[in-house]
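One structure below.
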Amino acid sequence: MKINVLLVWLWLFCKRIYLPSVFSLREKYDIWNIVGLDKEWYDSSNLSSKYPNLTIETIWQNDDFSWFMDNIKKKYNINTIIISTDPLNHFQYLEWAIKNKINILTDKPLILENDIISSSQSINKLFSKTKYLIELYKNARNTDNHFQFDIMAQRRFHKWYRLIWNKIHEIFKLTNTPITYINSFNSDWQRRFPDEIINQDYHPYNQWYWKIWHSWYHTIDIVWWLVNSIKSQKKNIDNVELFTQTAFPRDIIHQFDLTDYKKIFPWIKFNYHENAYNTILTWFWDVDNNISVSFKHWNKVQTLASINILHNWFSQRNWINTEWRDLYKWNWRIRQEFLMIEQWPFQSIFMESFQSYEKNGDDNNLYVNWGKHHFDIYVYRNTAMFPNLKKVEKFSINDLYWDLWKWDSHWQEARKRWINHFFENIIHKKTNSISNILNHELSLSLFNNIYKSVNYQFNWLSPFLKFDV
């Protein structure tokens, strides 16, 4: 079987991950045509020298979408699509690909609607469109059970999370105890000054979505993936209660206001007065989110969860001038992620990552705290009851990735392993992808309901929700 791939669009993430991965797998999986699709205003001609076999097509503003896509499909015999667009544009490509039974690999989140944080109509569209895509795919699978539709969720393929998954299941088999508590924390390490909140256009606050929507689906997905992997006849989750509290940009200006800035940076200048900031930021999206979740079996709590997704967090930034600086990648960032998992009273797992490339990027300190690749896992077990188990185990990232030097990072390795898995399923007509959309159905429900809760808070309604799974 020859695979013909359409990459939509050839932007930063696609150039960094998908393009090199697809070309590296070209011979292994008989990938024949590789076509890149871009918008009219984006210049991707510089890719021609690096990837001479890449064909680039441009979709113009006046083009009829279905007519254009049908012609691309016919011209190159496209049977696989990789969607790496802004999430606001996912839906049209997903719908077209499912209707044409073209194997799909898409970035997360699945879809997005404008004004999702303030509009009840947008929230309703989010739920209805998600359900529509899933049902559309299920119907397509009725006639072709090998039709692939995967969501990029690299943590499901990461050796680190697989190790945690295995440790949880070892104790479950021994004691029949599910996860009783889980805390998932992720901060993307940035600090934005007041004018930057308004003017920064990459990973922005000013373009209808931010923290949860941009890239933190995986922080939510990994909770459900781990919690729901453990179940038995009497211990399975059938309903969920959640409560979300959110800090918005106007709250951040209150926490550290313009007077506070002036005390530390006397020379700083602002483009707006404080009242003007509050007015402008009224419709800007979320910064920090604290989500409390109760996973229940009937009327009994099976797992309590705390999901914390922060942007406004600890930083080493001490400069004002942003000229020539990338406020996303080179912001003196310190990235933190951790998981805390309890299986009462038999096991406690703590996973921590505290990384900073700029502050500690030399090769001699890759794996230490603040190092470029710092990741540690601690596993504690009840050896008083089970003396054959190890009391304490520690795993560092270099224990799991002995060949980490081959990759930009362990995240890159996990993504590339997932892409390889996707193509392998196409070639061998497998139906068991752990990142298929049907395996994400409940994660998507949790994700959408969290934003419904944020929407309710924004509109002065109760952010407490209950729903069945």
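The values are calculated or read from the model by the stated rules, or taken from the named source; none is laboratory data. Here the structure is a predicted model, which is why all the values come from computation and not from measurement. Because the Cβ atoms are built from the backbone with ideal geometry, glycine has one as well, and the counts that use them run over all protein chains shown.
Within the stretch 448-465, does at least one residue satisfy the condition of being assigned to a helix (DSSP H, G or I), β-branched (Val, Ile, Thr) and more than 18 Å from Ile102 (Cβ to Cβ)? Break it down stepwise before answering.
Filtering the stretch 448-465 down to residues assigned to a helix (DSSP H, G or I) leaves 448-458.
Restricting the remaining residues to those that are β-branched (Val, Ile, Thr) gives 450, 454.
Now drop any that are not more than 18 Å from Ile102 (Cβ to Cβ), which leaves 450, 454.
Within the stretch 448-465, one or more residues are assigned to a helix (DSSP H, G or I), β-branched (Val, Ile, Thr) and more than 18 Å from Ile102 (Cβ to Cβ).
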Please verify whether the stretch 195-203 includes one or more residues that are of a type in the set (Asp, Glu), at pLDDT 95 or above and farther than 21 Å from Met351 by Cβ. no
Could you tell me which of the residues Lys235, Lys231 is assigned by TED's automatic domain parsing to the domain that holds Asp188 and modelled with pLDDT of 90 or more? Lys235
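Matching residues to (1) within 23 Å of Asp107 (Cβ to Cβ); (2) at pLDDT below 90; (3) under 18 Å from the mean Cα position of the chain (by Cα); (4) of a type in the set (Asp, Glu):
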{"residue": "Asn382", "(1), (2), (3), (4)": "no, no, no, no"}
{"residue": "Asn388", "(1), (2), (3), (4)": "no, no, no, no"}
{"residue": "Lys391", "(1), (2), (3), (4)": "no, no, no, no"}
{"residue": "Asp399", "(1), (2), (3), (4)": "no, yes, no, yes"}
{"residue": "His410", "(1), (2), (3), (4)": "yes, yes, yes, no"}
{"residue": "Glu424", "(1), (2), (3), (4)": "yes, no, no, yes"}
{"residue": "Lys429", "(1), (2), (3), (4)": "no, no, no, no"}
{"residue": "Trp460", "(1), (2), (3), (4)": "no, no, no, no"}
All but one of (1) of a type in the set (Ser, Thr, Tyr); (2) touching a residue at least 60 places away in the same chain (Cβ under 8 Å); (3) closer than 24 Å to Ala153 by Cβ hold for Ser120; which doesn't? (3)
When the stretch 414-469 is checked residue by residue, the ones that are free of Cβ contacts under 8 Å to residues at least 12 places away in the same chain and either on the phi > 0 side of the Ramachandran plot or surrounded by fewer than 16 Cβ atoms within 10 Å (Cβ to Cβ) (or both) are His428, Asn432, Trp460, Leu461, Ser462
